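Asks: I have a structure I would like to understand better, so I am pasting it below and will then ask my questions one at a time.
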Amino acid sequence: MNTTRIAAGLAALLAAVCAAAPAHASVDEPTAGDRITYTFFSDVPDNQSLTWFDANDDIAQNTSPHLPERDASGRYWGTVTFVSQSTYQSVVGSIQTDGYLAGCTAIVNGTVIGTKTATGRYAVASCSAVD
C-alpha cells in the first residue's frame, strides 16, 4: 500500500474529527464558542445596576435595570446570555439592588460556576468562577 495514500487518508480523518469537535466547552477557562449566562435576582424589580463581561470580554453595564420575571418566592430575576467571541472570556457579573437583596449566578455551558447573594440596603452581589 502506498504510504502517501495512507498519510493523505489519516490527514483527511484528522481534519474531519477536528472540524466536528465542539467549542472549547471548559467551565474553568471559557473561550470563543462557549455559552455564558448570568442570572441576576433581587427583592425589587427596578435596581441600581447590572455589570458583566460581554461576548467580546468587554465590561457591559445596565444602569437602572428592570428585572422582568418573578418567582414563587417573590424574587425578581432576569438573565443575560451570549456565546463568547473572545479567546479569553472573563466570567464576572454583579448587581446592585435598590432594595435589600441582590444575587447573581454565573453559568458556563450549562454548569453553574458561581453564585453570590448579599443582603442589606443597596446590597451588591458579584458572581464569578472564583467564588
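The values are calculated or read from the model by the stated rules, or taken from the named source; none is laboratory data. These numbers come from a predicted model, not from an experiment. Here Cβ is always computed from backbone atoms with ideal geometry, including for glycine, and neighbour counts include all displayed protein chains.
Asks: For segment 51-66, which positions are in a loop (DSSP other than H, G, I, E, B) and within 17 Å of the chain's Cα centre (by Cα)?
Replies: Taking segment 51-66 first, the residues in a loop (DSSP other than H, G, I, E, B) are 54-58, 64-65.
Matches in segment 51-66: D54, A55, N56, D57, D58.
Asks: Identify all residues within segment 67-95 that are surrounded by fewer than 20 Cβ atoms within 10 Å (Cβ to Cβ), assigned to a strand (DSSP E or B) and not polar (S, T, N, Q); write none if there are none. Before the answer, list the steps.
Replies: As a first pass, look at segment 67-95 and keep what is surrounded by fewer than 20 Cβ atoms within 10 Å (Cβ to Cβ): 68-75, 77-83, 85-88, 90, 92.
Imposing the further condition that a residue be assigned to a strand (DSSP E or B) reduces the set to 69-70, 77-83, 92.
Answer for segment 67-95, where residues must be surrounded by fewer than 20 Cβ atoms within 10 Å (Cβ to Cβ), assigned to a strand (DSSP E or B) and not polar (S, T, N, Q): E69, R70, W77, G78, V80, F82, V83, V92.
Asks: Of the numbered conditions (1) surrounded by fewer than 19 Cβ atoms within 10 Å (Cβ to Cβ); (2) in contact with a Pro (Cβ under 6 Å, 6 or more places away or on another chain); (3) of a type outside the set (S, T, Y), I59 satisfies every one except a single condition; which is it?
Replies: The one condition I59 does not meet is (2).
Asks: Okay, moving on. Picking from S86, S128, which residue would you name as being modelled with pLDDT under 95 and either of a type outside the set (V, I, T) or touching a Ser or Thr at 6+ places or on another chain (Cβ under 7 Å) (or both)? If you could, list the steps in order and put the result at the bottom.
Replies: Working: S86 fails: modelled with pLDDT under 95.
S128 is the lone residue from the list that is modelled with pLDDT under 95 and either of a type outside the set (V, I, T) or touching a Ser or Thr at 6+ places or on another chain (Cβ under 7 Å) (or both).
Asks: Does segment 23-56 hold any residues that are of a type outside the set (A, V, I, L, M) and more than 17 Å from G114 (Cβ to Cβ), and which are they?
Replies: Start the filter on segment 23-56 by keeping residues that are of a type outside the set (A, V, I, L, M), which leaves 24, 26, 28-31, 33-35, 37-43, 45-49, 51-54, 56.
Once the filter is applied, which keeps residues that are of a type outside the set (A, V, I, L, M) and more than 17 Å from G114 (Cβ to Cβ), segment 23-56 yields H24, T31, G33, S42, D43, P45, D46, N47, Q48, S49, D54, N56.
Asks: Looking only at segment 100-111, filter to residues that are among the hydroxyl-bearing types (S, T, Y) and surrounded by fewer than 20 Cβ atoms within 10 Å (Cβ to Cβ); which one of those is farthest from A32 (Cα to Cα)?
Replies: Within segment 100-111, the first condition is being among the hydroxyl-bearing types (S, T, Y), and the residues that meet it are 100, 105, 111.
Right, trim to surrounded by fewer than 20 Cβ atoms within 10 Å (Cβ to Cβ) and you get 100, 111.
Details: Y100: 36, T111: 16 Å.
Out of the qualifying residues, it is Y100.
Asks: Right, something else. Go over the candidates G114, G120 one by one and state the one that is among the small types (G, A, S), free of Cβ contacts under 8 Å to residues at least 40 places away in the same chain and surrounded by fewer than 18 Cβ atoms within 10 Å (Cβ to Cβ). Don't jump to the end; show me each part of the working.
Replies: Working: G114 fails: surrounded by fewer than 18 Cβ atoms within 10 Å (Cβ to Cβ).
Selected residue: G120, the only one of G114, G120 that is among the small types (G, A, S), free of Cβ contacts under 8 Å to residues at least 40 places away in the same chain and surrounded by fewer than 18 Cβ atoms within 10 Å (Cβ to Cβ).
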